[in-house]
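Input: a single structure, listed below in structure tokens.
Every read-out reported here was derived from the displayed coordinates using simple, explicitly stated rules and does not represent laboratory data. The structure displayed is predicted, hence computed values, not measured ones. With ideal geometry, Cβ positions are generated from the backbone for all residues, glycine too; neighbour counts draw on all protein chains shown.
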Amino acid sequence: MVNKAVFLLRQVRVSRQEAVHALVVYFPGTAFEDRLRCVHEAWDIVHGDAAPVESVTSEVSDARYFAAAHERHSFND
């Protein structure tokens with residue numbers, strides 16, 4: 001949940017309050033206090049001295065896997 005909060009703050013550039021509310025969409029049933037704690041941790045990661053979250057590149061960025069992913073997800077041209 002912290003990684004999703006980091007994504008929302010860093011990539012989507014939402015406010016802390018918006019991130020807390022957005023997390024309920026990704027993690028339904030979580031308590032408000034848990035979402036708030038995760039957003040505070042994410043804020044420290046994005047704006048503090050904490051180590052950045054490791055980013056993983058998508059397989060689709062590799063040409064070898066693009067066609068297979070394209071076919072697997074039934075994308076038609």
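If packing is taken as the average count of other Cβ atoms within 10 Å, what order do 20-28, 32-40, 2-10 fall into, highest mean first? Intermediate results must be reported in sequence, preceding the final value.
Numbers: 20-28: 14.7, 32-40: 16.4, 2-10: 19.2.
Taking the mean over residues of other Cβ atoms within 10 Å, the ranking is 2-10, 32-40, 20-28.
Could you check the spin-label model distance between Gln17 and Trp43? Points 7 Å from the Cα along Cα→Cβ, value in nm.
1.2 nm
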